[in-house]
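Enquirer: Next up is a structure, given as structure tokens.
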Amino acid sequence: MRISPEVEIALTLAANEAARRNHEFITLEHLLYALLFDETTANVVRHAGGDVAALKKELESYLDERLEALPESSLSTPSPALGVQRVIRRAAQHVQSSGKDEVKGANVIVALFAERESFAAAALEAGGVTRLDVVAYLSHGVSKLDEADDAREAADADRGEEEEGAGGGGPG
């Protein structure tokens, strides 16, 4: 079982965000915030009915106002909170039981919903995203976006591919 590059990057980003804000722990809110910067994971949230920009803003506000910062003089490195450890473990178990071998951002989002007391899960649900919406999109392609959004998204994806092709010889 391996962690995908996007989840590894999100975990690093979450740790950096917690350290930048002088937080003692890397919380589920740091992790969700970081995952929303991964375009693939953000797309899953969009298709499940979420507004990624609004979620980011809500999480930023939570991280600024509701989590206590350590004094500037403390030089401690934030460690993952138990909730983060449980979510990663739960995502890995789910991926393994489904016969796959890589934990992706969407798997982490699904596992996050089991943390009922977390602000991260509450923010997703308040934003109209449920575990069922995420699973329905991942398993069956059921999207809550309307067709206009789908067409706009397809045009954006095509534009992105054209720019990549014009950029020349980068990794693909």
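The values are calculated or read from the model by the stated rules, or taken from the named source; none is laboratory data. For clarity, every value in this text was computed on a predicted model and none was experimentally measured. Ideal geometry is used to build each Cβ from the backbone, glycine not excepted, and the neighbour counts take in all protein chains shown.
Enquirer: Please give the number of the condition residue 50 fails out of (1) crowded, with 20+ Cβ neighbours inside 10 Å; (2) assigned to a helix (DSSP H, G or I); (3) of a type outside the set (Val, Ile, Thr).
Expert: Every condition holds for residue 50 apart from (2).
Enquirer: Say whether the condition of being part of a helix (DSSP H, G or I), more than 15 Å from residue 38 (Cβ to Cβ) and either touching a residue at least 40 places away in the same chain (Cβ under 8 Å) or in contact with a Pro (Cβ under 8 Å, 6 or more places away or on another chain) (or both) is met by at least one residue in region 93-104. So that I can check it myself, show each step before the final result.
Expert: Here is the first cut: in region 93-104, the residues part of a helix (DSSP H, G or I) are 93-97.
Among the residues that remain, those that are also more than 15 Å from residue 38 (Cβ to Cβ) are: 93-97.
Now restrict to residues that are either touching a residue at least 40 places away in the same chain (Cβ under 8 Å) or in contact with a Pro (Cβ under 8 Å, 6 or more places away or on another chain) (or both): 95-96.
The answer is yes; a qualifying residue exists.
Enquirer: Return yes when residue 132 is at pLDDT 95 or above, of a type in the set (A, V, I, L, M, F, W, C) and buried (at least 18 other Cβ atoms within 10 Å of the Cβ) and no when it is not. So that I can check it myself, show each step before the final result.
Expert: Details: at pLDDT 95 or above: yes; of a type in the set (A, V, I, L, M, F, W, C): yes; buried (at least 18 other Cβ atoms within 10 Å of the Cβ): no.
The answer is no for residue 132.
Enquirer: To continue, here is another question. What pairs come out if I take residues in region 1-22 that are in contact (Cβ under 8 Å) with a residue 24 or more places away in the chain and in a loop (DSSP other than H, G, I, E, B) and pair them with residues that are charged (D, E, K, R) and surrounded by fewer than 20 Cβ atoms within 10 Å (Cβ to Cβ) whose C-beta lies under 8 Å away, six or more apart or interchain?
Expert: 1/101; 1/102; 4/102; 21/64; 22/72
Enquirer: Touching a helix residue (DSSP H, G or I) at 6+ places or on another chain (Cβ under 7 Å) and of a type in the set (Lys, Arg), is that true of residue 104? Before you say what the answer is, go through the steps one by one.
Expert: On the way: touching a helix residue (DSSP H, G or I) at 6+ places or on another chain (Cβ under 7 Å): yes; of a type in the set (Lys, Arg): yes.
Yes: the conditions hold for residue 104.
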